[in-house]
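Note sheet for the following structure.
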Amino acid sequence: MKRGLAYFGLGLVMYAVFLAATLPAPWAYHWAQTRLGGVALSGLSGTLWNGRALTAQLGPTRLEKFHWSLNPWVLLRGRLGADLEFDYRGEPAALAVSRGFGERWHFSDVALRLPARTLESWLRLPSAELGGALDLRFDKLVIDQSRITAAQGLMTWDKAAVVRPVAADLGGFTVTLDNEDEGIKGVLKDQGGAVQADGVLSLKPDGNYDFTGSLVSGDPRQPAIAQGLQLFGQPGGDGRVKLSIQGTLPLLLPGAG
């Protein structure tokens, strides 16, 4: 009897969700706008269940051709979720996102491509312009209170290059991320290009990170590479430049609380 009541109650909840989700997207957005934490949508069409927006703005981040499809099954885990597709800086992207009643965001099936210039502030190269693209593929990514607390996936810098001040082809690099007891570990490897690289990244739940590794030029035909690597430090007897970088990641999704 109790099990039958439980299924009946679940059925009522799912039916109520279905009715709410068939609301027109513009009407639903007007009702929920103050609850979206700074997310601004324009050019809405479709329904709350399956809708589109010409643009979606989250702080300085602008997404175009934004399409969402609600995922009712994550309700069984006490979260609201949706599958998203959009264009970011001219590149198509897709991911699944869900959120519970706290400040924890869950992302999965993340496929996102970014210009390599995104790395310029992280690498601390004054007046440098980077070429190539970053390919992000995550099976799992958790952001809790605007901090990354779990990650499993791969980041790839394809056709890595320096465009300015001196042009140089660097090859390609990958960082494999996985969870550990005390945070997230990332392993850097090169793809056999002009720069040979290896290193280990440790990211703590409080946002503090530590990276140790080394770089060395593997292409004598590009002397500018060996010269450029000296910006990171003096090479040792084996020609490798040792790296040791510490810092704190900026808050993510600060306006989506």
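Oblate is the label for segment 39-185. Its Cα gyration tensor axes, ordered a ≥ b ≥ c, give a/c of at least 1.5 and b/c at or above a/b.
Counted by Cβ distance under 10 Å from residue 106, the other residues give a net charge of +4, where Lys and Arg count +1 and Asp and Glu count -1.
Extension gain, residue 176 to residue 119, is 18.9 nm, computed as 0.36 nm per intervening residue step minus the present C-alpha separation.
Note down the net charge around residue 73, summing +1 for each Lys or Arg and -1 for each Asp or Glu among other residues with Cβ under 13 Å from its Cβ.
+1
In segment 109-257, taking the dipole from charged Cβ atoms about the Cα centre, the farthest positive-side position among 197, 163, 249 is held by 163. In this structure, residue 164 and residue 238 have a Cβ-Cβ separation that, at R0 = 35 Å, corresponds to a calculated FRET efficiency of about 0.75. What whole-number distance in Å separates the alpha-carbon centres of segment 159-221 and segment 63-126? With segment 159-221 and segment 63-126 each reduced to a Cα centre, they are spaced 23 Å. Please label the shape of segment 139-221 as rounded, prolate or oblate, based on the square roots a ≥ b ≥ c of the eigenvalues of the alpha-carbon gyration tensor (a/c under 1.5 means rounded; beyond that, a/b larger than b/c means prolate, else oblate). Prolate is the answer for segment 139-221, as a/c is 1.5 or above and a/b outweighs b/c.
Here the contact order of the chain, divided by its residue count and restricted to Cα pairs under 8 Å and six or more residues apart, works out to 10 percent. Farthest toward the positive end of the dipole of segment 84-152, out of 145, 100, 86, is the Cα of 145, where the dipole comes from beta carbon charges about the Cα centre.
Taking Cα atoms only, the orientation of helix 2-21 departs from the longest principal axis of the chain by about 70 degrees. Summarising the label geometry, the points placed 7 Å from Cα in the beta-carbon direction at residue 109 and residue 224 lie 4.3 nm from one another. The count of lysine pairs in the chain with alpha-carbon distances below 26 Å, taking only pairs 8 or more places apart or on different chains, stands at 13. When the Cα gyration tensor is reduced to axis lengths a ≥ b ≥ c, the ratio a/c is 1.5 or higher for the chain, and with a/b above b/c it is classed as prolate. Of the chymotrypsin sites (Phe, Trp or Tyr not before Pro) in segment 83-168, the ones in a loop by DSSP (not H, G, I, E or B) with at most 14 other beta carbons within 10 Å are 101.
Among all stretches of the chain without exposed GluC sites (Glu not before Pro) (DSSP loop, at most 15 other Cβ atoms within 10 Å), which one is longest?
1-102
Label residue 58 and residue 85 with points 7 Å out from Cα along Cα→Cβ: what is the distance between them in nm? About 1.9 nm, to one decimal. Dipole magnitude for segment 93-181: computed about the Cα centre from +1 point charges on Lys and Arg Cβ and -1 point charges on Asp and Glu Cβ, it is near 280 debye.
Just how large is the dipole of the chain about the Cα centre, in debye to the nearest 20, putting +1 at every Lys and Arg Cβ and -1 at every Asp and Glu Cβ?
Roughly 720 debye, rounded to the nearest 20.
Throughout, read-outs are computed from the coordinates displayed, never taken from laboratory work. Computed from a predicted structure; not experimentally measured. Note: ideal-geometry Cβ built from the backbone for every residue, glycine included; neighbour counts use all protein chains shown.
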